[in-house]
Structure formats: C-alpha cells, structure tokens
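Participant: Below is the structure I would like to discuss, written out as structure tokens.
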Amino acid sequence: MIEFFHKGPINGPVTTKAGPPNGPAISQEGPADGPAIETLLDIAFGPERHARPSYALRDGLAATTELCFVSRLEDVLVGTIRFWPLAIPGTGSALLLGPTAVHPDHGGLGIGSGLILHSLGAARTQGHDAVVAIGDGQYLSRFGFHPAHKFALEFPTPIERGRFLVLELVPGVVDHNGGLVAKAAKAGAEF
Ligand SMILES: CC(C)(COP(=O)(O)OP(=O)(O)OC[C@H]1O[C@@H](n2cnc3c(N)ncnc32)[C@H](O)[C@@H]1OP(=O)(O)O)[C@@H](O)C(=O)NCCC(=O)NCCS
C-alpha cells in the first residue's frame, strides 16, 4: 500500500513521500528536470516515441505545469508524469495524461502508482473534470480509467481501441453521446 505525506500546499511547491522514509519523493517538475526527463522517456518508450498518437495532441501546446511531477530516489530522478490540456466533448476542463514513466531499475516499487495518484488528486483539487490517457488499460484501470469507447468517444487518428482510456474526475461529466477528443489551445509553459 502507498501512503502519502503531504509536505506543502497542493498548488504550491509540493513534496510528497510515498511509502517508507527512504522511499521516493514526489515534487513538481522544475525547468532543470527537462534533460533527465527526456533521457528517462527515451529509455521507457524508445527514441521513436514522438511518432506516438498522443504526441500529435500535444504538439505545439504547453504542458499543464502544475500537474507535472517527478519522483526522486536519493536525489536521482526516477519517475515522471506530465499532463496536457485536451478538449473532451461535454467537459469544461479536460486533460491528457502522459507520458508517464519510471526507470526500469526501479519498477514495481509503487513509484508509477504514486505519481499517478498524486497527480490525479491534484487535478481533482484544481477543478479539472476528466482525463484521457493512451496506455495500458490493465494498469490504468486500477486508477479508475475506462475504455473510452464505453463513452462513444473517438480519437482523431487510428489507435488501438483498448489503449484509449478516460477517467471522469467529476462523475457523469463526459457526454455519453460521445464525440471526438481534440487538441486544446491553452496558454502555459513549453517543455
Ligand atoms: C507503467 C510504469 C509507469 C509503471 O511504473 P511502476 O513504478 O513500475 O509501477 P508500480 O510499481 O506503481 O505498479 C506496479 C504494478 O503495475 C503493474 N504494471 C506495470 N506496468 C504494467 C503494464 N504495462 N500493464 C499492466 N500492469 C502493469 C505491475 O505488474 C505491478 O502490479 P502489482 O501491483 O499487481 O504487483 C512503468 O512500468 C513504465 O515506465 N513503463 C514504460 C512506460 C509506459 O508504458 N508508460 C505508460 C504507462 S500506461
């Protein structure tokens, strides 16, 4: 089980300890973390990752920086999670989760779960109402994600049906008549 010990306000600089005292510390991503995150994403997804369908929805947009977190073990960055704005039919403030990755040397320790739970909690607190993720349904279902086809949602480009997932942070917010998720235009910081 993962325990969280909040060390600061959810909207300010946040450091959260997941698990035992020497466990990973979660903090908001800072500008200096960029190179280590790019290296970690290359390790986790391979250098072809920019061709993945989700990248097209982020292209040219700024990340939602207040929901981008990193996880460190003894000051070494071992995990990352980022969010981008997204347009989902029926929702006022929706997000695209990802990429999220944990260094394979530290897999299975709850670092990924810690980052996902922490960031989804912050997203809920900050008033976002739904999250789309492109990823492993078996893994993400434990955080409440459902196949998006259950909501009749469509993805703008061809995608493996079971990897297109949605989480309602506000129950019932996604329009069950479905529709196309689309790239959002929102101001923010470039990563
Ligand atoms: C997926 C990832 C972020 C998980 O991070 P992690 O810190 O190892 O995960 P946790 O320790 O929190 O959770 C481990 C659990 O998730 C399960 N799990 C991990 N990856 C999984 C996957 N792709 N599919 C199904 N289950 C998965 C493990 O079997 C384990 O299950 P258990 O709790 O029943 O033992 C990490 O493996 C990773 O970076 N993978 C490559 C990048 C990637 O695919 N990212 C997208 C994720 S949707």
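Any read-out appearing in this document is the output of simple, stated calculations on the displayed coordinates, not a laboratory observation. Just so we're clear, the structure is a prediction, and the values are computed from it rather than from any experiment. Note that each Cβ is placed from the backbone with ideal geometry, even for glycine, and that neighbours are counted across all protein chains shown.
Participant: What order do you get for 135-148, 105-118, 77-90 when each peptide is scored by the mean count of other beta carbon atoms within 10 Å, highest first?
Facilitator: The packing order, highest mean first, is 77-90, 105-118, 135-148.
Participant: Which distance in nm do the two modelled labels at Arg52 and His106 give, with both placed 7 Å along the Cα-to-Cβ direction?
Facilitator: 1.9
Participant: Further, regarding this structure: Report the convex hull volume per residue for the range 4-183, counting only C-alpha atoms, in Å³.
Facilitator: Looking at the range 4-183, the number lands at 113 Å³ per residue.
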